[in-house]
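Input: a single structure, listed below in structure tokens.
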Amino acid sequence: MGDTLRCMEQAVLFCHSRVSKGLVREESVMQAIRVEALSKTFRVRRKEKGLRGSVQAILRPRTEEVRAVREVSFGVDEGEMLAFIGPNGAGKSTTIKMLTGILYPDGGRVEVLGIDPAKQRRQLAYQIGTVFGQKEQLWTHLTPYDNFRFFGAIYDITENETEKRIGELAERFELGEFINTPVRNLSLGQRIRCEIVASLIHKPQVLFLDEPTIGLDPVVKESVRSLVKQMNRECNTTIFLTSHDVGDIEKLCKRIIIVNAGQIVLDDSMEHLKYHYLHKKIVEVKMQEETALPQVEGITVLKQKGTNARLEVDTAVIAISDALRQINAEAVEDINISNVPLENIIMNIYKAEGKDLTEQAGNGQG
Amino acid sequence: MSGQEKNAVSKTGVLNGKKWRKYRVIYRSVLMENLQYAANIALGFFGYFVFIFIFIKLWDYMYQEPGELIAGYSKEQMIWYVMMTEMMWFGSNASAVARQVKTDIRGGNIAYLMNKPYHYTLYILAKYTGEWSVRLPMFAGLAVVIGTVLVGPVPAFKIITVPAMVVCIILGLTINAVLQICISLLSFWIEDATPFRWLYDKLLLVVGTIFPLEIFPRTAQAFFKLTPIYPVCYGPAKLIVDFGPEKCIEILAVQALYLAAGCGLMFFIYRKGVKKLYVNGG
């Protein structure tokens, strides 16, 4: 017993010394995804408006180049959960499709688990899983159980192994009640859970989730997020997530890449992002009687109605404690201080960083 | 399962010929799905019956004397020929394959089918085989009943020849599907491949399905024998109404050649076309 405790103590000390020296990350974490100067350009048909334009399009078809992805570079560590987000048309789906071997890049290099997706798409398919929230991969007339057996065979897993895996996943994702009900009769939440299970049947090392919680109610969203988190924790699965739902990003990912107009505009940790961009606080106060609000630099009155007021405090200009001192504390009935929602931060990054890039992209087309 | 283990499984699968298991499972899944719709398929019986009834009346009118031959066919042989080609037409619904490939490519759904460890074209073929495995026996049963009641048995029919006929029909259906897939894969380059498919369908329908090749002038016959009409519809139907071992070997050899060349072309077009893939919305 004493020896065991001593061994555990030594192991803890060893790990602690490695972490403190910053060795663990450098030595043991491999990159699951490596992208260098990745580019993709589409040729899109252009047509003038009206009947005349339609006739001209037949006689003299006109096409334009759209640079969907422009020399994007990033890496994703094994076991990392990354949010890859951007406004519509930013190039995120095109990037995912190049990472999964669906689209061929025009330039640059991609490696997923050391495999080139464009050249070895089928080999890569054995190692990755994909869930596209807006596309069904399950056969709707079959039951989830038959679907899982189907996917087991597709991934060359033996029948015994498939059965074992279905048992494990059905328990973890609580599918017992509806595993033998045809997919077409399932609710959206149940279907999405089954979609995720179908993509996990072959124990993928990297899971691409494209809007996995779209259309789900808050309770089911939360359940899907906790299952993804659990899977990442227990199996060290690398998660590559795209979503417009800030809740997905905030609750799942530690790192965020924002793309706009085909380029990366931000690649940062969530913690760092919040630290850098959360220098504004929202102060909501309810006064006992209507009073004049402070007119000080760094404090902006967003809304005032009767005894209720909403202020924005820029902590880069004025400390929050100084800002609070400006309010008559004795007259305050209730007060609430909160951060600017992450959604607003991301929206501001889209607007600020994307504006220049969109202009550049516009100049580059044609 | 680690990456190495999975690779090992995959390689072993290939070595043991187990890589076809996934296509068998696709086939079985479609079969299970289609069996739920057997009643819907039976609704197509009415169309088949009307079509055959019109042709029985037409050939009744054309053959004015008993024992008369037209282009070497007796009245019974002529009607059974049309019944067999129409059975393959109704029982296979091959245009559905072409429609699916076209819809997959134009709608972008192909993107979600491509990232699975199977070959897309073989996936489509396996699905199609699952579909006709339910439809064709149903239409074959109907054809035998209608033919026996309204026309009488196939002249000089021998039960021993049935396996060769079945192989010939299956090969004909598969070649047709492969060629339909080839045409639909053109959607990678052009907006709509429907006009090409329409031409191909009408060629099969008018020349090979409704009339046997012998009806046409000798020079046209020689040309048509080089086209897919021969392995897809004329060959199998001819074998049923006028079986001969030499003819059987000839048709099977042509079918084997067509299948090999068709599959080669299908893989080639797919490999080239997939690089042209543009998925709407990314």
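For the structure I just gave you, tell me whether residue A:126 is facing chain B (nearest Cβ under 7 Å), crowded, with 19+ Cβ neighbours inside 10 Å and farther than 30 Å from residue A:185 by Cβ. Yes, satisfied.
Those helices (runs of 4 or more DSSP H) of the stretch B:211-282 in which at least 3 residues are under 25 Å from residue B:106 (Cβ atoms) and within 14 Å of chain A (Cβ to nearest Cβ), considering only elements entirely within it, cover B:245-274. Against the criterion of being within 8 Å of another protein chain (Cβ to nearest Cβ), touching a helix residue (DSSP H, G or I) at 6+ places or on another chain (Cβ under 8 Å), part of a helix (DSSP H, G or I) and touching a residue at least 12 places away in the same chain (Cβ under 8 Å), residue A:149 qualifies. The residues of the stretch A:246-267 that are surrounded by fewer than 23 Cβ atoms within 10 Å (Cβ to Cβ), of a type outside the set (A, V, I, L, M, F, W, C) and not in a helix (DSSP H, G or I), listed by number, are A:254, A:255, A:263, A:267. For the stretch A:211-237, give me the residue count where each residue is outside any helix (DSSP H, G or I) and hydrophobic (A, V, I, L, M, F, W, C). Selection size over the stretch A:211-237: 2.
Residues in the stretch A:274-295 that are surrounded by fewer than 15 Cβ atoms within 10 Å (Cβ to Cβ) and at pLDDT 85 or above: A:286, A:288.
Somewhere in the stretch B:218-230, is a residue touching a residue at least 60 places away in the same chain (Cβ under 8 Å) and of a type in the set (A, V, I, L, M)? Scanning the stretch B:218-230, I find no residue that is touching a residue at least 60 places away in the same chain (Cβ under 8 Å) and of a type in the set (A, V, I, L, M), so the answer is no. For the stretch A:29-60, the tally of residues that are away from chain B (no Cβ under 14 Å) and farther than 30 Å from residue A:238 by Cβ stands at 11. The single condition among (1) out of contact with any Leu (no Cβ under 9 Å at 6 or more places or on another chain); (2) modelled with pLDDT under 90 that residue A:179 does not meet is (2). Does residue A:87 fit the bill of being more than 8 Å from chain B (Cβ to nearest Cβ), assigned to a loop (DSSP other than H, G, I, E, B) and modelled with pLDDT of 90 or more? In short, no. Within the stretch A:136-169, the residues that satisfy the criterion of being buried (at least 21 other Cβ atoms within 10 Å of the Cβ), under 25 Å from residue A:226 (Cα atoms) and among the aromatic types (Phe, Trp, Tyr) are A:148, A:151.
With respect to the conditions (1) exposed (fewer than 15 other Cβ atoms within 10 Å of the Cβ); (2) hydrophobic (A, V, I, L, M, F, W, C); (3) under 25 Å from residue B:127 (Cα atoms), residue B:54 falls short on a single one, namely (3). On the given criteria, is residue B:29 touching a residue at least 12 places away in the same chain (Cβ under 8 Å), over 26 Å from residue B:237 (Cβ atoms) and small (Gly, Ala, Ser)? Considered against the rule, which asks whether it is touching a residue at least 12 places away in the same chain (Cβ under 8 Å), over 26 Å from residue B:237 (Cβ atoms) and small (Gly, Ala, Ser), residue B:29 comes out as yes.
The residues of the stretch B:18-72 that are within 14 Å of chain A (Cβ to nearest Cβ), hydroxyl-bearing (Ser, Thr, Tyr) and under 16 Å from residue B:136 (Cα atoms), listed by number, are B:27, B:37.
Screening residue B:166 with (1) farther than 11 Å from residue B:98 by Cα; (2) in contact (Cβ under 8 Å) with a residue 60 or more places away in the chain; (3) among the hydrophobic types (A, V, I, L, M, F, W, C) gives one miss only, at (2).
Whenever a residue of the stretch B:79-94 is surrounded by fewer than 24 Cβ atoms within 10 Å (Cβ to Cβ), its partners that are outside any helix (DSSP H, G or I), lying with C-beta atoms within less than 8 angstrom and at least six residues away or across chains, give the pairs B:90/B:44. Here residue A:198 meets the list (1) in a loop (DSSP other than H, G, I, E, B); (2) in contact with a helix residue (DSSP H, G or I) (Cβ under 6 Å, 6 or more places away or on another chain) almost entirely, failing just condition (1). Checked against (1) under 22 Å from residue B:271 (Cα atoms); (2) more than 7 Å from chain B (Cβ to nearest Cβ), residue A:97 passes all but a single condition, namely (2). Within this structure, residue B:209 passes the test of being crowded, with 20+ Cβ neighbours inside 10 Å and either polar (S, T, N, Q) or touching a residue at least 12 places away in the same chain (Cβ under 8 Å) (or both).
Residues considered: A:191, A:184, A:172. Of these, the only one that is within 11 Å of chain B (Cβ to nearest Cβ), among the charged types (D, E, K, R) and surrounded by fewer than 21 Cβ atoms within 10 Å (Cβ to Cβ) is A:184. Looking at the stretch A:100-121, is at least one residue in the same structural domain as residue A:194 (by TED's automatic domain parsing), part of a helix (DSSP H, G or I) and modelled with pLDDT of 90 or more? Looking for residues that are in the same structural domain as residue A:194 (by TED's automatic domain parsing), part of a helix (DSSP H, G or I) and modelled with pLDDT of 90 or more, one finds none in the stretch A:100-121, hence no. Only one of the listed residues (A:298, A:306) is more than 20 Å from residue A:246 (Cβ to Cβ) and surrounded by 15 or more Cβ atoms within 10 Å (Cβ to Cβ). That residue is A:298. Taken over the stretch A:67-84, the criterion of being surrounded by fewer than 17 Cβ atoms within 10 Å (Cβ to Cβ), part of a strand (DSSP E or B) and either within 12 Å of chain B (Cβ to nearest Cβ) or of a type in the set (D, E, K, R) (or both) is satisfied by A:71, A:77. For residue A:198, are the conditions met, namely being under 28 Å from residue A:92 (Cβ atoms) and either aromatic (Phe, Trp, Tyr) or within 14 Å of another protein chain (Cβ to nearest Cβ) (or both)? Against the criterion (under 28 Å from residue A:92 (Cβ atoms) and either aromatic (Phe, Trp, Tyr) or within 14 Å of another protein chain (Cβ to nearest Cβ) (or both)), residue A:198 qualifies. Of all residues being of a type in the set (Gly, Ala, Ser) and more than 23 Å from residue A:142 (Cβ to Cβ) in the stretch A:192-245, which is modelled with the lowest pLDDT? Just the residue, please. Result: A:223.
The values are calculated or read from the model by the stated rules, or taken from the named source; none is laboratory data. Everything numeric in this text was worked out from a predicted model, so none of it was measured. Don't worry about glycine lacking a Cβ; one is built from the backbone with ideal geometry, like all the others, and counts go over all protein chains shown.
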